[in-house]
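Some notes on the structure that comes next.
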Amino acid sequence: MNFAKNCELSLIIPCYNEAEVLPLLATRLLKSLAALNLSWEVIFVDDGSVDTTSQQLAAMHLAEPRFKVLSFSRNFGHQTAIYAGLSHASGQWVGIMDADLQDPPEILSSCMEKLREGYDVVYAVRRKRKENLLKRIAYALFYRILKQVAEIDIPLDSGDFCVMSRPVVEVLRQLPERNVFLRGLRAWTGFRQIGVEYEREARAAGETKYPLKKLVRLATDGIFAFSTLPLRLSIYLGLFVLLASMGLGFFNIAWRIFGFRFMGHTAAELPGWTTLVCGMLFLGGVQLLILGCIGEYIGRIYSEVKQRPRWIVRETLGLAPQGEDRVARTEP
Ligand code: UDP
Ligand code: MG
């Protein structure tokens, strides 16, 4: 296990088309990191940006070598970018933060305080979100559903924004999973964890890089990676359908034998059309639902067994390529 630490704090910042916010981010970072009074590095993971992000990051690295850059060959996604950052972070503590300043770097000082008290993970909990109502409701609902169905205790309203100690990072780095949901895995590692509350600002500049499709993907990754309830659902639903159909069966037999009238008809007049149609549709629906759930798991198993590299690095600045990186080019 490589526990080498070149600095005290490594900060990982995934960036996808964040050109507009980078100048502001650099200023705020330099100020709050200086206030921490420790040795640090910032690893920007350029997740296949198509704007001027990579040029800006290169310029930032030139001006401040502690700003290091890992550029992907294409967009691999936010969670993968964080993971790649983790594999390069050399700090005794490792922080994760969004580029858009929704996670204010000023909070880092209270995180560091908690870490020095002996905690291994300090995660930020969003007390308030300055986002549109629909998104706020969706987030609140998602975290509550996840809490109900997940087999581990994932704290409510905590995102990826956190600082972790080296042992936690080593555990995370050694996980071979491809469909990563960091906030779940982080909770899963155990150790001593604590939350610090903060108000989530609105994005400082630019547009969200998380369209609905990516958000749904993240949410389903969270649920399917930490719960087998959807699979077990088939047992409960199956049991329910079995009992209901048995009841219906007994009723139909009694209706035929005793010849009483039900809804104005005897069984002999109506040879079971409604029962058949309802039963068929209901069972069809239940089967499709369960098949879909099983499909979600199989799809994830498939992507795991393919064993493709999780990311491909196009270029590194201030970082030596290692382990999983498939590197095309590094700085001279
Ligand atoms: N991000 C990324 N790859 C992506 C999408 C987003 O690295 O495919 C980064 C993005 O640059 C930002 C962070 O992930 O630093 C969170 O994205 P964003 O702020 O757009 O999400 P939101 O806060 O709107 O949910
Ligand atoms: Mg954001």
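Take the Kirkwood radius over Cα pairs of the chain, plug it into Stokes-Einstein at 10 °C and 1.306 mPa s, and you get 70 µm²/s for translational diffusion. The spacing between the range 82-137 and the range 274-320, judged by their C-alpha centroids, is 30 Å.
Quick note on the range 15-57: its Rg to Rh ratio, both from C-alpha atoms and Rh being the Kirkwood radius, is 1.03.
Over the chain, DSSP H runs of length four or greater, each weighted -39,500 (n - 2.57), average out per residue to a 222 nm ellipticity of -15500 deg cm²/dmol.
As a ratio to 2.2 N^0.38 Å, the alpha-carbon radius of gyration computed for the range 184-248 takes the value 1.86.
Calculated accessible area for the chain comes out at 52 Å² per residue, all protein chains present (probe 1.4 Å; ligands, DNA, RNA ignored).
A compact globular protein would have a Cα radius of gyration near 2.2 N^0.38 Å; the ratio found for the range 228-322 is 2.06.
Both radii come from the Cα set of the range 134-227: Rg as radius of gyration, Rh as Kirkwood radius; their ratio Rg/Rh reads 0.95. Each principal axis of the Cα atoms in the range 72-125 has its own extent, and those three values, largest first, are 40, 24, 15 angstrom. Computed over the range 121-167, the range of Cα coordinates on each principal axis works out to 38, 26, 12 Å, biggest value leading.
Each residue of the range 5-111 gets 89 Å³ once the volume of the Cα convex hull is shared out per residue. As a rough guide to protection, the peptides 110-117, 293-300, 36-43 ranked by mean Cβ packing within 10 Å, highest first, stand as 36-43, 110-117, 293-300.
So, in nm, how far is label residue 239 from label residue 303 when the simple model puts each one 7 Å beyond its Cα toward the Cβ? Here the answer is 3.2 nm between the modelled labels.
For the chain, the carbon plus sulfur part of the accessible surface works out to 63%, probe radius 1.4 Å. Orientation-averaged projection of the range 78-177 equals 7.4 nm² [convex hull of Cα atoms, one quarter of hull surface area]. Relative to the globular-protein estimate of 2.2 N^0.38 Å, the Cα radius of gyration of the range 168-304 stands at 1.75. For the range 197-280, chymotrypsin sites (Phe, Trp or Tyr not before Pro) are listed when DSSP marks them as loop and at most 14 other Cβ atoms sit within 10 Å of their Cβ; the list is 260.
The values are calculated or read from the model by the stated rules, or taken from the named source; none is laboratory data. Keep in mind it's a predicted model, so treat the numbers as computed, not measured. Glycine gets a Cβ as well: all are built from the backbone with ideal geometry, and neighbour counts include every protein chain shown. Note: accessible area is taken over every heavy atom of the protein model, side chains too, but ligands, DNA and RNA are not part of it. Shrake-Rupley method; radii C 1.70, N 1.55, O 1.52, S 1.80 Å.
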